[in-house]
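Okay, so here's the structure we're looking at.
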Amino acid sequence: MSVRVRFAPSPTGPLHMGGVRTALYNYLLARKEGGVFVLRIEDTDQTRYVPGAEDYIKEALQWCGIEPDEGPDQGGPFGPYRQSERKDTYARYANQLIESGWAYYAFDTAEEIDAKREEAKEAGQHSWQYDAATRMGMRNSETLGAEETARLIEGGAPYTVRFKIPSSEEVVFHDEIRGEVRYNTDVLDDKVLFKSDGMPTYHLANVVDDYAMKITHVIRGEEWLPSAPLHVLLYRALGWEDVRPKFAHLPLILKPAGNGKLSKRDGDKFGFPVFPLQWKDPESGEVAAGYREDGYFPEAFLNMLLMLGWNPGTEQELFSKEEMTAQFSLERVVKSGARFSPEKAKWFNEHYLRSLSPDDLAHAVMHFAPSFTGVSSDRMPAMCAMLAERSSLLPDLLAHAYLYERPTEYDEKTARKKWKDNTTELITELRGYIAGLDDFSEAGFDAMLQNFVQAKEIGFGTIGPVLRLLLTGAGGGPAMGAIAAFLGKEEVLERIDAGLKKLG
Ligand code: GLU
C-alpha cells in the first residue's frame, strides 16, 4: 500500500518550530516512499480558533518548501481537508459508536463535574476522572436509561457523547519509534467525542479522518502519545483495526538548557525565534520573532529541524533537501528529547549562506531586504562575497554601512593606540602609491601595500590599522584589499583625505 501521511495542525495560533519538524518528517517519508503528503486543518474546536492562523500555517509550509499534495488549497480525492467542512461525517460515526455500545450520552454540566471533582478531593482522592469507575455515579445514558435519555435529547438538553473506556484492560500497540507501548485502560478517561453543537472533538475527528483519508502513518509529536491508546480503541470500536495506521511519536524538542519543552518564553528570554515566520497576535498585537524575518534560509532551518530528533548514523550534518529525502527513515528517529541550540541553528545557516555563490547570495539579500538601497544590485555580489565568511544571518550582510557610507566617526580606541606622530606623513606617502595604482583589485591593492611597507621598512601593523580606520571608521572588518577594491580608487582617496582632515 502506498504511503499516505498527513500533517494535521489546529489553527489555534502560529505554528511552533516543533510543528514544522512534524510536517517535515511526514513530508520526507512521503517523498522518500513516493507517497502522498496531506495537509488537514483540524479546526473543530471553535473556542480556540485564531483568525489568520490557517494562512500562517500554509505560508510557513510554503516558505519551507514543504508542499502538500492534498489539502484545502490543493484539493484531492479525500476532501474537504478542513474538518469544519466535514461535520456530517462525524455525527454518523458518533451515532454508530452509541448504537454499538462503545459510547454514551452524558448530560453532566461543567459545574456538576467540578462538584464531583471537589467531592473526591475532599475525600482525599486527587485524580478524579470521568471513567469506568465513576461513570455510574454521573448523569448519562448509562445511568438514566433509554427513555429519560431520549426525553432529554428531544427537550434540547445539552449533551456530549463520551467514549466508554473498558476497565482494566492492557492496550498494547507498536510505535515505529518507541517499539511496544502499553497502557492500562484504568488510567484513561471517558473522553468526549462529540458535542451537541454538532462538532466532534479532536479524538473522533482525527481518527475518522485518518481512516477516511486512507492515512498509513500517523507521525506526530510525543504529546499525543497518551491519546494513542484511545485512538487504538476507537479503531477497534469502529471496526477499522485492520486498516489502522502505523504510529510514530516524535521526541520532544527541549529547551536550550534545563528541563522541559522548548517554549515561546525561552525564545523571548534568550532572543531566538521559535516560530518559522513572524507572528503578530491578532488580539494583543504582540509580535513574535520568526526565522524568516531574522534572516535564516528555509533550507538551513529545515536542516536544523531534521537533525533535531533524527540522525543519519554517520557524521554528516549538512543535508540538501534531496539528501534528506534520500536518507530519511523513521528507524533513525530518536526516542529521547532533542535539545535545541540557538547557536547550532545559526551554524546551519552560516554553512548554507557560505555555500551560495555571490550571485545567489546577492539575490537572497535583495529579496530579504527589497528596500535596501545602499549598494546597487550589480555591486551586491561583490559585497556578499566579501562578507559571507563573517556572516551567519542575512542581516549580517547588511551590517557594514561603511561599504556604502563614508565614515563620520572613527573608532577612538584604534585612533588612540595606532595614530602616531609620523602617521600623517606615512599616510600621505601611501596616498601617492594608491593614486598611482593601476590594478585596483584586491590582489593588486595587497601587493601595493606590501611594497609600501617594505620600502618604508615598517611593519604592516604600523599602517594597516590606520588605513582601515580612515576607510571604514572601524577597528576591524573584512580584508583591507577587499574593502579597497570594493570602494574603488576614487572613493578610497576621498576617504583618506576626509579622514586625514579629522585625525591628522
Ligand atoms: N490537531 C492536532 C494538533 O494540533 C493533530 C495531532 C495529530 O497529528 O494527531 O497537533
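Just so you know, all these numbers are worked out from the coordinates, no wet-lab data involved. Since this is a predicted model, take the numbers as computed values, not measurements. Virtual Cβ from ideal backbone geometry, glycine too; neighbours counted across all protein chains shown.
Our note on the geometry: Cα centres of segment 94-122 and segment 366-394, 62 Å apart.
Fully extending the segment from residue 278 to residue 240 would add 9.6 nm, taking 0.36 nm per residue of separation and subtracting the current Cα-Cα distance.
Compactness of segment 78-174 is given as radius of gyration and Dmax, 16.1, 50 Å, from Cα positions. For segment 443-489, just say rounded, prolate or oblate: build the C-alpha gyration tensor, square-root its eigenvalues into a ≥ b ≥ c, call rounded for a/c under 1.5, and beyond that prolate if a/b exceeds b/c, oblate if not. Judged from the Cα gyration tensor, segment 443-489 comes out oblate (a/c at least 1.5, b/c at or above a/b). Computed over the alpha-carbon pairs of the chain, the distance histogram in 20 Å steps reads 19, 39, 24, 13, 5, 0 percent, short to long.
Summary value for segment 353-480: 28 percent relative contact order, contacts being C-alpha pairs under 8 angstrom separated by 6+ residues. Taking other C-beta atoms within 10 Å as the exposure proxy, 384, 64 rank 64, 384 from fewest upward.
Spatial offset of segment 406-462 relative to segment 2-54 amounts to 59 Å, using the alpha carbon center of each. The charge dipole of the chain, taken about its Cα centre with unit charges on the Cβ atoms of Lys, Arg (+1), Asp and Glu (-1) only, comes to about 800 debye. Taking a ≥ b ≥ c as the square roots of the eigenvalues of the Cα gyration tensor, segment 256-347 is classed as prolate, since a/c reaches at least 1.5 and a/b is larger than b/c.
If the convex hull of the alpha-carbon atoms of segment 189-324 is projected onto planes in all directions, what is the mean projected area in square nanometres?
Result: a mean projected hull area of 12.6 nm².
Any idea what log10 I(q)/I(0) is at q = 0.12 Å⁻¹ for segment 313-395, Debye with uniform C-alpha scatterers and no solvent? So the normalised log intensities work out to -0.50. Among the listed pairs 321/346; 214/255; 32/87; 191/264; 87/164; 344/418, a Cα-Cα separation exceeding 25 Å is found for 214/255; 32/87; 191/264; 344/418. When peptides 35-46, 187-198 are ranked by their average number of other Cβ atoms within 10 Å per residue, the highest-first order is 35-46, 187-198.
Expressed as a rounded percentage, what relative contact order does segment 445-504 have, with Cα pairs under 8 Å and six or more residues apart?
Contact order relative to length: 33 percent.
If you take the C-alpha gyration tensor of segment 208-284, multiply each eigenvalue by 5 and take the square root, what semi-axes do you get, largest first, in whole Å? They are 34, 16, 10 Å, listed largest first. Give me the base-10 log of I(q)/I(0) for segment 363-504 at each q in 0.14, 0.15 Å⁻¹, Debye formula, one uniform scatterer per Cα, rounded to two decimals. Per q value, in the given order, log10 I(q)/I(0) is -0.66, -0.75. With the biggest extent put first, the Cα atoms of segment 363-441 measure 47, 33, 22 Å across the principal axes. Packing, as the average of other Cβ atoms within 10 Å across residues, places the peptides 149-155, 297-303 in the order 297-303, 149-155, highest first.
Quick one: length gained pulling residue 170 to residue 435 fully straight, 0.36 nm per residue minus the C-alpha distance?
Answer, rounded to one decimal: 86.7 nm.
Based on the inverse mean of 1/r over its pairs of different Cα atoms, what is the Kirkwood hydrodynamic radius of segment 143-205, in Å?
When all Cα pairs of segment 143-205 are included, the Kirkwood radius is 14.2 Å.
Summary value for the chain: 12 percent relative contact order, contacts being C-alpha pairs under 8 angstrom separated by 6+ residues. Taken over the alpha carbons of segment 1-115 as equal point scatterers, the Debye sum produces base-10 log I(q)/I(0) values at 0.20 Å⁻¹ of -1.08. Note on segment 295-354: Cα Rg divided by 2.2 N^0.38 Å, N the number of residues, gives 1.08. Scalar couplings 3J(HN,Hα) for segment 117-123, obtained by applying the Karplus form with A = 6.51, B = -1.76, C = 1.60 to θ = phi - 60°, are 5, 4, 4, 5, 4, 4, 7 Hz; x denotes Gly and Pro. Look at where the Cα atoms of segment 222-285 and of segment 465-504 average out, and the two centres are 53 Å apart.
Of all lysines in the structure, those lying under 16 Å Cα to Cα from residue 501, and not within fewer than 8 positions of it along the same chain, are 420.
Report, ordered by chain and residue number, the aspartates and glutamates lying within cross-link reach of residue 121, taken as a straight Cα distance under 12 Å and ignoring same-chain residues fewer than 8 apart. Output for residue 121: empty list, no partners. Arranged from fewest to most other beta-carbon atoms within 10 Å of their beta carbon, 121, 418 become 121, 418. Here's the picture: charge each Lys and Arg Cβ at +1 and each Asp and Glu Cβ at -1 in the chain, and of 309, 62, 472 the one pushed furthest to the positive end of that dipole is 472.
Relative to the longest principal axis of the Cα atoms of the chain, the long axis of helix 202-212 lies at roughly 90 degrees.
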